[in-house]
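Inspection log for the structure reproduced underneath, given as structure tokens.
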Amino acid sequence: MYIGGLDRHGNWLVARITRLPGRTAEVWLMLKLADGQYYHFPSFPDTRVYNCDGESFTAGGLQIELLKPLMKWRVTFNGLLREGERSEWNADDEGKLVHVKFAFTWTALTGEFSYENYYDPWTVSDAVAREPWSRKLKDNLMNLSKKNKRYEVCGQLYGKLTVEGEAERTLLLRGVREHSFGIRDWKTYNRYISNWGHLKDGTLYSISAKSMYGVLSHIVSGYIVLPSGQRCVLKSTDLHLSRLGEFTQPPDKFDFNVLAGHFECTITTEKKLEQILYVGERWSAKIHEQLTDVTINGVNGWGVTEYMYRYRESCPVPIQKSASLPVEPEIKNPDALVLPFSNITCTASQIVGGKGAQLALLTQLPSKFQVPNGFCITVAAYRHHLNSNKQLKDLIQELQDVSSERKPGDLHEISKLLVENFTKTKLSQHLVTTILEQLTQMFGDMWEKKAYAVRSSAIGEDGKESSYAGQMKTFLGVKESNKIFEAILKCWASSFAYQVVEYRRNHGQVIAADVGVCIQEMLNADVAGVLFTRDPVSGNPGVMTINASYGIGEAVVSGATEPDTIYLQRSFSNKLSIKETVVGSKAMKMIVDSELGGLMQVEMENNGECCLPGKVALDLGCIGIQVEQLFSSEPQDIEFALEDGQIYLLQSRPITSLNIESDFELTHEYDGPLIIDEEMFTIANVGEVIPGCSSPLSNDIMMSGFATSLQHWRTTVAAFAHRSNVEMMITSFCRHVFINMLGGMYYINEYTMGKDTRQAKDEMDLGLFMRSLGDEVLDEIHKRYRTTRTSWYQKIRGQLFCIYDALVVQRHVASMEALAENIKTDMSITDPLTFYNEVTKDLAASVNAWHHHMHVTYTSLFTSGLLQAILSGQGSSKDVMSDLAMLLSNCTDVVSADVPAAVKKIALAVIDSGKAEFFRELTPEQAVDWLRSSESGDLNQLFNQFIETHGHRGMREIDLSAIPWRIDPVQVVKSIQFMTKSPDQLKDTKSYMNNDEIIHRIKTPVGFIRKKILQFLVPIAKKSVRMREMAKSNSIKCSDYLRQVLTRLGELLVQEGYLPDKELIYYFTFGEIERLIISRSAKLVIRATRRRKLTPALTKLQFPEILSGYPMPIEDDCSIDVSNTQQVTGMPVSHGTVRAKCRVAMTLGEAETIQPGEVLITRSTDIGWSHVFPMISGLCTEMGGIISHGAVVAREYGLPCIVSARNATSIFKTGDEVILNGAVGTMAKVV
């Protein structure tokens, strides 16, 4: 796995991990910063790393973790890098090592380029024609393609980086990710050269040439991705290995010509920095990795050039091997009640629990340390005890039922009762005899004279993802058999303490986990403490930390005394030295009470000396390194003791907190890509449709669905971009949804579809913003698309496709209705994985419904655009938009407008029933119950009909975590209660006109021919609006059914103990849910919990309507100066004038206090606001377009409405008297 990225400021990162047999890997890591500092992996030029886990892309502190196939990866590093350049290997001088820590999210910018599938036939035929043909050549070519498959994806890295002693940096780097499969034998390569990079205009490229023994002496491959997203596959190039340092060093500067698709260019590269690496078995190949400045046809950029040469000299690096990785043994005696640490079966965590297995592994590790004698009471003994005490099993079952919400109950009380009952039970005679026999066999007849440590050891405890640190019981200094038996029972009982149960619930772990118990001989420790093999806070592997004090380690672990702290300096090659010693007060020490057992405190006088000799501290550090290597180089938290000069290890567990995602990562994990630094985004339209912060599950499912549909549309209509699932047209930042303007809005232009670029831009601007954004944006469109080429056939085909879609729009609606009716998951399934697989089918259907909706939406935009085009040029842009709004008014059977009409109908029915006063006096919740009961008479049927028809709708209805009206209609009923106060307000005062009358009244002058065209197009455009709203309703219906099945899946996961509550399911991605079911990963549950915790803060974020660069929220201190502002100007979308008091409502909750006849001022509305419309006299929104929700419903109610009135919510305050003129697009404060 290779990932590289650069930016215009001079920041450069290359990270590569090659997994090799024997828990080894090759690591490349190079980092150059804008300030000129250069850092690289400390072993360079050697790249071999040992003691890896052998399964993931993790080695040497570098980790590359898959988040979403082909789309997102997490790239992290926490370790040491060498500062400055070095190309010669020197075992005696590591140079200056610096702690560097970074966490980036890699996001795809393009679809994948598979070298097996996308070679141009011309380049392959040219390469084969150079070789003498033989059967062997054919066989070699076939074997090569089978053994070594690879693909590339262009992408970006975004995240934070910290260099020791410097301020944290936020970087955005663009480049490539290459993923190779199979075996790469460097000896098969003679030479190769690879070039990749990006330009400031957004062009991305990757061009390579290679020579392979016995296969092809020279073959070229690659591609150029133009700023528009059009990918051009390499056809020919004069890049030839023989002219580029064949027998000398690689050149510092060279250029070559390329023909990729239609795109011809000259690429010039100039070296700025070079790193030499050696790879392959015993240095079989030499790599020159160069950071370069690049120019392509006069456009500047940044890149990497990589040269590979065969290396024929000897390798000076000594041969090493990874330590043997402990593996779970074959279980030969699963029913054993006790097992000594020395028994190989004792290393199985499923038999003795996590802590016991760790101690057994340490016991069998040859080293300078020892593990105090001891044995484990197995989980079989625990089960034996439960089988002998039915009341415990019954209580455990009740605990599980309450925890999984199968039955009601007080979890705290049940836990308390279970612990009490556990400690009252007695061990069976058989178990007592077995334990006594083991004590006698291990410690002799005088075993009762000794003191013991009795520790709980639950399955899952001390693991990589959950440690249970300090939660379960440990008893020290235990003497006599009765006390040991009592401690065993308390250890078992501690597994059901309320804090442990809650810990397991909140981490998705089995509530009734089996528990083992460790019994160890207590030491009369002179000194004891804790060793961290890395800095426990920063994760710096160059610092090992030891906390130590006199006596046993409980004084250190519990914080009862101030220990000595010794910091060990650790080099990359694991050489140790004492960096610093901080002497603590050590005012007391704990020792075992030799008479009564247990612990006692002894006061100490501080003599100012460290309790741990320097040599012992260094020996302890070496032991820590050995233990770390045993566990795949995982940093360890080790408890130790020193008795008579001998080091003993009492426990070792992973430090689980070092690679947890930061809040910054979780905030930006779904952020979309930027082709250029000045990329343009807007929240117009999508800010209304998908307001606020979306849930992670919605972001994963719905955004992927939208992105796929839009990308499909773009590749079908414009026919210039390769098809992929990249979120290039619609994307998210901070979990808020945005439209990419340059990459999305403006893709229809003269270069892609043959349509005048200015006209297409103005139509899109007016449709979204109600104004033109000016020539500066036009220049950017030309820069983005000027290198794009599509054939005349493709351009005509795209135009015809739009017309065809307009003619068959009803088919899309019919298809959606069929999907809404036919997606039915079997709700009786109780197995979570089986149910998940069924949900996957519904997911595909729901996404398909939105795909149809996108077709209908684009048809509506297309037909509205035709009307706009006919009117444009005949009058002012404001008149054009005002007339367009009038032409689209009086649109009948619009689903979104039917919602407030249905609410008004219920309100009138309540008034007519004579129960309006009674209805208003009820609380909203009581009013809902009354309407749903038979006591309300005919109103019950009317209300149920509303819920049946519109119950799938609601506030933020596209978000899967949102609550629809069928579940909670309280907001709707509140509005009905308000409406009953003002019967006159419910009268229909709107005047209706036919199409001819509307066309006659427009202000824009149109001639006879244009008028006839309008008479033909207006009914089609109105039908498109009607179909769009119907399509949206059907899409929401499909999403609501998906919401129901996901809620059911959440309930199943709660019942099986995977989740603490069903709502948490909305904070996973869909793929993570499957991984959770298969692995029961605590890490995934913790991540979802943290996402939910961040959601309120993300929801409050506000973004400007239009942004340039990486979208950042508006800061609180950037408020608008409104001291002299009395008026706002927007675009008119519904005619009429009203003078009334206004209500400024940023949220639907704030709108609930609206009084009849007020003008509503808000950022945007969606279907969730529909019930408010019958009460207001006018609407003003900061966002929106001609066919946005507020505009459509306002027209149907005849309400004056302006949209895109920027800063209106800041300029006006609730209670201000305003004049709203929906004909000219203004709203002014009456002074």
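The values are calculated or read from the model by the stated rules, or taken from the named source; none is laboratory data. Here the structure is a predicted model, which is why all the values come from computation and not from measurement. All Cβ positions, glycine included, derive from the backbone under ideal geometry; neighbour counts span all protein chains shown. These area figures cover heavy atoms from the full protein model, side chains too; ligands, DNA and RNA do not enter into them. Shrake-Rupley method; radii C 1.70, N 1.55, O 1.52, S 1.80 Å.
Open to solvent by 10 Å² or more (accessible area, probe 1.4 Å) and within 19 Å of the chain's Cα centre (by Cα) - does that describe any residue in the range 681-692?
So far as the range 681-692 goes, yes, one or more of its residues are open to solvent by 10 Å² or more (accessible area, probe 1.4 Å) and within 19 Å of the chain's Cα centre (by Cα).
Among the listed residues Tyr38, Tyr50, identify the single one that is more than 26 Å from Asp201 (Cβ to Cβ) and at pLDDT 95 or above.
Tyr38
Do the conditions hold for Arg74, that is, is it within 27 Å of Arg150 (Cβ to Cβ), modelled with pLDDT of 90 or more, open to solvent by less than 20 Å² (accessible area, probe 1.4 Å) and basic (Lys, Arg)?
Yes.
For a quick check of your reading of the model, give me the residue pairs whose first member lies in the range 698-714 and is closer than 19 Å to Phe1068 by Cβ, whose second is assigned to a helix (DSSP H, G or I) and of a type outside the set (Lys, Arg), with beta-carbon atoms closer than 6 Å and at least 6 apart or on different chains.
These pairs meet every condition: Asp700/Phe1070; Ile701/Phe1070; Gly705/Val847; Gly705/Trp850.
Of the residues that make up the range 1004-1021, is at least one modelled with pLDDT under 80, among the basic types (Lys, Arg), closer than 30 Å to Met886 by Cα and open to solvent by 10 Å² or more (accessible area, probe 1.4 Å)?
No - not one qualifying residue is present in the range 1004-1021.
Restricting attention to the range 596-638, which residues are open to solvent by 30 Å² or more (accessible area, probe 1.4 Å) and part of a strand (DSSP E or B)?
Once the filter is applied, which keeps residues that are open to solvent by 30 Å² or more (accessible area, probe 1.4 Å) and part of a strand (DSSP E or B), the range 596-638 yields Leu599, Met600, Gln601, Val602, Glu603.
Within the range 244-251, can one find any residue that is out of contact with any His (no Cβ under 7 Å at 6 or more places or on another chain), outside any loop (DSSP other than H, G, I, E, B) and among the charged types (D, E, K, R)?
no
Going residue by residue through the range 299-307, is there one that turns out to be without any contact (Cβ under 8 Å) to a residue 60 or more places away in the chain and open to solvent by 40 Å² or more (accessible area, probe 1.4 Å)?
no
Restricting to the range 963-975, and then to whatever is in contact (Cβ under 8 Å) with a residue 40 or more places away in the chain and open to solvent by 10 Å² or more (accessible area, probe 1.4 Å), can you tell me which residue is farthest from Thr1147 (Cα to Cα)?
Among residues in the range 963-975 that are in contact (Cβ under 8 Å) with a residue 40 or more places away in the chain and open to solvent by 10 Å² or more (accessible area, probe 1.4 Å), the one farthest from Thr1147 (Cα to Cα) is Arg966.
Just checking, which of Val515, Val510, Val454 is among the hydrophobic types (A, V, I, L, M, F, W, C) and surrounded by fewer than 23 Cβ atoms within 10 Å (Cβ to Cβ)?
Going through Val515, Val510, Val454 in turn, just one is among the hydrophobic types (A, V, I, L, M, F, W, C) and surrounded by fewer than 23 Cβ atoms within 10 Å (Cβ to Cβ): Val510.
Give the residues of the range 867-884 that are open to solvent by 30 Å² or more (accessible area, probe 1.4 Å) and either modelled with pLDDT of 80 or more or in contact with a Gly (Cβ under 8 Å, 6 or more places away or on another chain) (or both), sorted by residue number.
Residue satisfying the conditions is Lys878 alone.
Only one of these is open to solvent by 10 Å² or more (accessible area, probe 1.4 Å), in contact with a helix residue (DSSP H, G or I) (Cβ under 6 Å, 6 or more places away or on another chain) and under 30 Å from Thr830 (Cβ atoms): Lys473, Lys407. Name it.
Lys407
In the range 361-370, how many residues are modelled with pLDDT of 85 or more and either outside any loop (DSSP other than H, G, I, E, B) or under 40 Å from the mean Cα position of the chain (by Cα) (or both)?
Of the residues in that region, 4 qualify.
Could you look through the range 642-680, keep only residues that are within 30 Å of Lys321 (Cα to Cα) and among the small types (Gly, Ala, Ser), and pick out the one that is surrounded by the most Cβ atoms within 10 Å (Cβ to Cβ)?
Ser652
When both residues are 6+ apart or on different chains and their Cβ atoms are under 6 Å apart, which pairs have a first residue that lies in the range 43-56 and is on the phi > 0 side of the Ramachandran plot, and a second that is of a type in the set (Gly, Ala, Ser)?
What qualifies is Asn51/Ser322; Asn51/Ala323; Asn51/Ser633.
In the range 644-663, which residues are assigned to a loop (DSSP other than H, G, I, E, B), at negative phi and among the small types (Gly, Ala, Ser)?
Ser657, Ser662
Would you check which residues across the range 14-25 are farther than 19 Å from Val176 by Cα and in contact (Cβ under 8 Å) with a residue 60 or more places away in the chain and list them?
Passing the criteria: Gly22, Arg23, Thr24.
Among the residues of the range 800-832, write down those that are farther than 16 Å from Ala849 by Cα, open to solvent by 60 Å² or more (accessible area, probe 1.4 Å) and either modelled with pLDDT under 80 or assigned to a helix (DSSP H, G or I) (or both).
Leu800, Ile803, Tyr804, Leu807, listed by residue number.
Please go through the range 1165-1217 and pick out each residue that is buried (at least 24 other Cβ atoms within 10 Å of the Cβ) and assigned to a strand (DSSP E or B).
Passing the criteria: Gly1178, Leu1179, Cys1180, Thr1181, Cys1201, Ile1202, Val1203.
So, in the range 912-928, of the ones that are surrounded by 14 or more Cβ atoms within 10 Å (Cβ to Cβ) and part of a helix (DSSP H, G or I), which residue ends up farthest from the chain's Cα centre (by Cα)?
Ala916
Would you pick out the residues in the range 1057-1081 that are of a type in the set (Asp, Glu), surrounded by fewer than 18 Cβ atoms within 10 Å (Cβ to Cβ) and more than 16 Å from Tyr503 (Cβ to Cβ)?
Result: Glu1063, Glu1074.
Mind listing just one residue for me: the one in the range 231-256 that is small (Gly, Ala, Ser) and on the phi < 0 side of the Ramachandran plot and, of those, surrounded by the fewest Cβ atoms within 10 Å (Cβ to Cβ)?
By that ranking, first place goes to Ser242.
For the range 309-360, which residues satisfy the criterion of being under 16 Å from Ile459 (Cα atoms), at pLDDT 90 or above, in a loop (DSSP other than H, G, I, E, B) and among the β-branched types (Val, Ile, Thr)?
Within the range 309-360, none qualify.
Pick from the range 996-1013 the residues that are part of a loop (DSSP other than H, G, I, E, B) and not aliphatic (A, V, I, L, M): which of them is farthest from the chain's Cα centre (by Cα)?
The residue in question is Gly1007.
Is it the case that some residue within the range 764-779 is open to solvent by less than 50 Å² (accessible area, probe 1.4 Å) and β-branched (Val, Ile, Thr)?
So far as the range 764-779 goes, yes, one or more of its residues are open to solvent by less than 50 Å² (accessible area, probe 1.4 Å) and β-branched (Val, Ile, Thr).
Would you call Ser889 under 29 Å from Tyr746 (Cα atoms), open to solvent by 10 Å² or more (accessible area, probe 1.4 Å) and not in a helix (DSSP H, G or I)?
Taking the combined requirement at face value, the residue satisfies it.
Tell me, please, whether a residue that is modelled with pLDDT of 95 or more, on the phi < 0 side of the Ramachandran plot and hydroxyl-bearing (Ser, Thr, Tyr) can be found in the range 1060-1067.
Within the range 1060-1067, one or more residues are modelled with pLDDT of 95 or more, on the phi < 0 side of the Ramachandran plot and hydroxyl-bearing (Ser, Thr, Tyr).
I need every pair where a residue in the range 279-294 that is in contact (Cβ under 8 Å) with a residue 40 or more places away in the chain has its Cβ under 8 Å from the Cβ of a residue that is open to solvent by less than 10 Å² (accessible area, probe 1.4 Å) and of a type in the set (D, E, K, R), sequence separation at least 6 or different chains.
Sorted first by the residue in the range 279-294, then by its partner, the pairs are Val279/Glu26.
Can you tell which of Pro329, Pro316 is surrounded by fewer than 21 Cβ atoms within 10 Å (Cβ to Cβ) and touching an Asp or Glu at 6+ places or on another chain (Cβ under 9 Å)?
Pro316
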